[in-house]
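S.K.: Take a look at the following structure, please.
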Amino acid sequence: GAGVSQSPRYKVAKRGQDVALRCDPISGHVSLFWYQQALGQGPEFLTYFQNEAQLDKSGLPSDRFFAERPEGSVSTLKIQRTQQEDSAVYLCASSALAGGVKVTQYFGPGTRLLVL
Amino acid sequence: GQNIDQPTEMTATEGAIVQINCTYQTSGFNGLFWYQQHAGEAPTFLSYNVLDGLEEKGRFSSFLSRSKGYSYLLLKELQMKDSASYLCAVLKAAGNKLTFGGGTRVLVKP
């Protein structure tokens, strides 16, 4: 079956511009995660949804970052008034269940954001 | 908080074996993951250890010691395509987010 997909794959934004990044998780996956990955670093957690509920947003770096998953499937990460330090790869991951053994997270290819 | 440490870079020869170590300190633990990530691509799942011991999966094996806060990923019969970054990640008991180490870049030379 299809894996996690993300769009766009690449985004160039001017400083101050708003951007929206989309994630389509694996069909039926309950949990959805957003991570930010700087060049040469490991991914860092941003936020987590279980179905449509955003259960953890402790990793969002500022109130310019906002995520939603209104119908418990597709998710959008929005960054308002982008800054140069927002330049990174934004990874989305999904897992089948919220707990138990099916906790493996499967990642999408990421959106590479460059803010000029 | 959590500290997850792994070497930054390792070099090995095609056909050889490489062991990537990962140490962690965490306030909660519900398992340790290894992912492979080629440049510009998504991390792909390799292994998940929640109990102590060795898990073998083809050319890749992963080991966990919870009492020591230690894991390793063993790559055998290295192939050129194994050149990638290898990410160690801990799943906390509370919540489901993964906390990653910085990744180990493995370069396989002919």
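S.K.: Heavy-atom accessible surface, probe 1.4 Å, ligands and DNA/RNA ignored: which residues of segment B:65-98 lose at least 40 Å² versus the isolated chain?
M.R.: When all protein chains are present, B:Asn96, B:Lys97, B:Leu98 each give up 40 Å² or more of accessible surface.
S.K.: With contacts defined as alpha carbon pairs under 8 Å and 6 or more residues apart, what's the relative contact order of chain B in percent? Don't jump to the answer; show the numbers that get you there.
M.R.: Values: 277 pairs, mean separation 41.0, N = 110.
Contact order relative to length: 37 percent.
S.K.: May I ask which residue of B:Met80, B:Tyr48, B:His38 lies farthest towards the positive end of the charge dipole of segment B:1-89, with charges of +1 (Lys, Arg) and -1 (Asp, Glu) on Cβ and the Cα centre as origin?
M.R.: B:Tyr48
S.K.: Calculate the spin-label point distance for A:Ala38 paired with A:Lys14, positioning each point 7 Å from the Cα along the beta-carbon direction, and give it in nanometres.
M.R.: So the two model labels end up 2.7 nm from each other.
S.K.: Another question, if that's okay. With +1 on each Lys and Arg Cβ and -1 on each Asp and Glu Cβ, how big is the dipole of chain A about its Cα centre, in debye rounded to the nearest 20?
M.R.: Around 340 debye, computed over chain A.
S.K.: Hey, if you put +1 on the Cβ of every Lys and Arg and -1 on every Asp and Glu Cβ in chain B, which of B:Thr13, B:Asn3, B:Ser61 ends up farthest toward the positive end of that dipole?
M.R.: B:Asn3
S.K.: At a threshold of 8 angstrom on Cα-Cα distance, excluding pairs fewer than six apart, so keeping six or more, what relative contact order does chain A reach in percent?
M.R.: RCO, chain A: 36 percent.
S.K.: Cross-link candidates for B:Lys109: which lysines have Cα within less than 17 Å, leaving aside residues fewer than 8 places away along the same chain?
M.R.: By straight Cα distance, B:Lys109 reaches B:Lys76, B:Lys81.
S.K.: Identify all aspartates and glutamates with a Cα-Cα distance to A:Lys78 below 13 Å; exclude those on the same chain that are fewer than 8 residues away in sequence.
M.R.: A:Asp18, A:Asp63, A:Glu68, A:Asp86
S.K.: Over segment A:1-112, with every protein chain in place, what whole percent of the accessible area is carbon and sulfur at 1.4 Å, could you tell me?
M.R.: Ligands and nucleic acids excluded, carbon and sulfur reach 48 percent.
S.K.: What whole-number value in Å² describes the accessible area per residue of chain B for a 1.4 Å probe?
M.R.: Dividing the accessible area of chain B by its residue count gives 48 Å².
S.K.: Moving on. Return the aspartates and glutamates within reach of B:Lys57: Cα separation strictly under 18 angstrom, same-chain partners fewer than 8 residues apart disregarded; answer none if there are no such residues.
M.R.: Excluding near neighbours in sequence, the set is B:Glu77, B:Asp82.
S.K.: What does the accessible area per residue of chain A come to in Å², with a 1.4 Å probe and no ligands, DNA or RNA counted?
M.R.: Value for chain A: 49 Å² per residue.
The values are calculated or read from the model by the stated rules, or taken from the named source; none is laboratory data. Remember, it's a predicted structure, so these values are computed and weren't measured experimentally. Here Cβ is always computed from backbone atoms with ideal geometry, including for glycine, and neighbour counts include all displayed protein chains. SASA here: full protein model, heavy atoms, side chains in, ligands and nucleic acids out. Shrake-Rupley method; radii C 1.70, N 1.55, O 1.52, S 1.80 Å.
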